[in-house]
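Below: the structure, in structure tokens.
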Number of protein chains: 2
Amino acid sequence: MIHIKEIAKQTKITVRTLRYYDQIGLLTASSKTEGGHRLYSEEDLKKLQQIQFLKGIGYSLKDIEDMLSDPKWNWMISMKSQLVYILEEQERLKSIECSLRELLNGLTVEGGDNYLAIQKLIQLSNQNKKRLLTFRENMFNDKELELWAKLPKMRGEDPNSLEWIALLGQIKRHMKGDPASSRVQNIIRRMIEKQMEDFEDGDEFINKLWDLRKSPSQSEKLGLYPIEKEVLDFMERAYEIHISFLQDSSIEQGGRS
Amino acid sequence: MIHIKEIAKQTKITVRTLRYYDQIGLLTASSKTEGGHRLYSEEDLKKLQQIQFLKGIGYSLKDIEDMLSDPKWNWMISMKSQLVYILEEQERLKSIECSLRELLNGLTVEGGDNYLAIQKLIQLSNQNKKRLLTFRENMFNDKELELWAKLPKMRGEDPNSLEWIALLGQIKRHMKGDPASSRVQNIIRRMIEKQMEDFEDGDEFINKLWDLRKSPSQSEKLGLYPIEKEVLDFMERAYEIHISFLQDSSIEQGGRS
DNA sequence: ACTTGAAAGTGACGTTACGTCATTTTGTAT
DNA sequence: ATACAAAATGACGTAACGTCACTTTCAAGT
């Protein structure tokens, strides 16, 4: 016969919990002292360990009581359905994870210190859930859809998407400066590099996308993160400056050779 | 100004919940009629949608209240830690999934209709958690450890492990019959086929494993599903019969050729 | 036998985010 | 004015205990 504290120590279940299990009739101590102290047997201990295990895999105490009290319980069925439940829960958490990453990436771009950004992002996230795929599928052909998959999505967690997001965030933070500054030009060069790496053969696609980006309403329908017009304008200016630099330097090179 | 029922319809949040949010001060209707009916503004609606979103990604109402009432809340930090929490939860569920698959596969082998099997499996599962890897690593060398990874584990969900488990279960169900019967022999043949497919070059390893299997205590330490001695004996008999058939037929073939 | 401090007992309230009555008031259409 | 829908309030219930307060029992030392 084992005292309640010893049971608690062995199973790491609190004394309070043991008394609670007694109270709800899940595990009654098999005997008591004259004074009313609970005394547990080895069998009680075993049963408790089973309870502990079943609780660990997500069953409620009520379920566990039903299981253990019914000698012809169909374990196969209930465990299969429990597995299904666990799998569903995992999917739910996975989609929460996506939302969170989307928000965090959004915050990275926006600067992350103002409440307005949050509001915008939450609103965006909310409506994204309702939007369907159809619009996107009407807009592009198959080859383009393939390229589409490479686009940085706000929920992306791959280093590729993350770099796009980081670059965009940096552009935003330098918007008050000069588009010809070396910082901005370096960012632009990196973006062009990436664009060529990721979408080598999709020039037409890129142009179409760029046009779309300029229309906020279209962008939203596509589930793209909306880039403000000022940012796009700033990027275009910086882009043109970059191109003109390239031409200048190639002329120089041509002169020398 | 919007009536409570309209808000409920638009957000799919129940009227009761709206009143509750009012009660705890999370979202107070911005005005009321003379009679005390709640009237919500467009801003209230927006705030409610934010609440809904934040609740959806797992925050408690208390947390949400803190967030929304503090204008300089650090969203970045709290969302990162929330992401960490979500990732941990996913791991927890993943390990629950493993336990469940282990149990279900165990039930498949045992026949799944007796409570004793469950008790045994739960006990096994419990002690597996405590057991460490060291014993296994002392027992086999590197090449063998590679093969080890191919062994059917009870928590396996790949078709390969599942077939092993299924075959074992079938053997168990035919144990009262004749080891020379065609059913049993077909199962044995399939097992030998699989054994050759999976462990082509590991004869010594297979033998060592087979010996281990005969020692229940060693098996348990390795985290292998313990196969009862009677089952192993039955399998050995069937195996010998199978071998002798093979020899007979090869003699016949030899005679003809 | 008596004392005493630790351990055990019981009972009650708190927690989360509402659901579900029951009862009373208010709003609105006729 | 009346009738009926919709809203309000209040109270209790849920799951699985934690925490406090107060009382009783156990086991050991004197």
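Quick notes on this one:
- Among (1) within 24 Å of B:Leu116 (Cα to Cα); (2) away from DNA strand C (no atom under 14 Å from the Cβ); (3) within 14 Å of chain B (Cβ to nearest Cβ), the one test that A:Thr11 misses: (2)
- For the range B:2-30, the set of residues classified as over 41 Å from the mean Cα position of the chain (by Cα), within 7 Å of DNA strand D (Cβ to nearest atom), of a type outside the set (D, E, K, R) and surrounded by fewer than 16 Cβ atoms within 10 Å (Cβ to Cβ) consists of B:His3 only.
- B:Ser30 being out of contact with any helix residue (DSSP H, G or I) (no Cβ under 7 Å at 6 or more places or on another chain), more than 14 Å from chain A (Cβ to nearest Cβ) and either more than 13 Å from B:Ile13 (Cβ to Cβ) or polar (S, T, N, Q) (or both): no
- Screening B:Glu89 against (1) crowded, with 17+ Cβ neighbours inside 10 Å; (2) over 18 Å from the mean Cα position of the chain (by Cα) leaves a single unmet condition, (2).
- Positions within the range B:99-122 being over 15 Å from the mean Cα position of the chain (by Cα), part of a helix (DSSP H, G or I) and surrounded by 15 or more Cβ atoms within 10 Å (Cβ to Cβ), in sequence order: B:Val109, B:Glu110, B:Ala117, B:Ile118
- Test: B:Gly35 is surrounded by fewer than 12 Cβ atoms within 10 Å (Cβ to Cβ) and within 13 Å of DNA strand C (Cβ to nearest atom): yes
- Checked against (1) buried (at least 19 other Cβ atoms within 10 Å of the Cβ); (2) within 16 Å of DNA strand C (Cβ to nearest atom), B:Met79 passes all but condition (2).
- Every listed requirement among (1) more than 12 Å from DNA strand C (Cβ to nearest atom); (2) within 30 Å of A:Tyr59 (Cβ to Cβ); (3) touching a Phe, Trp or Tyr at 6+ places or on another chain (Cβ under 8 Å); (4) not assigned by TED's automatic domain parsing to the domain that holds B:Gly169 is met by B:Leu107 save one, (4).
- Selected residue (criterion: nearest to DNA strand C (Cβ to nearest atom)) from residues of the range B:38-59 that are more than 14 Å from chain A (Cβ to nearest Cβ) and surrounded by fewer than 18 Cβ atoms within 10 Å (Cβ to Cβ): B:Leu39
The values are calculated or read from the model by the stated rules, or taken from the named source; none is laboratory data. Not measured: the values here are computed from a predicted model. Don't worry about glycine lacking a Cβ; one is built from the backbone with ideal geometry, like all the others, and counts go over all protein chains shown.
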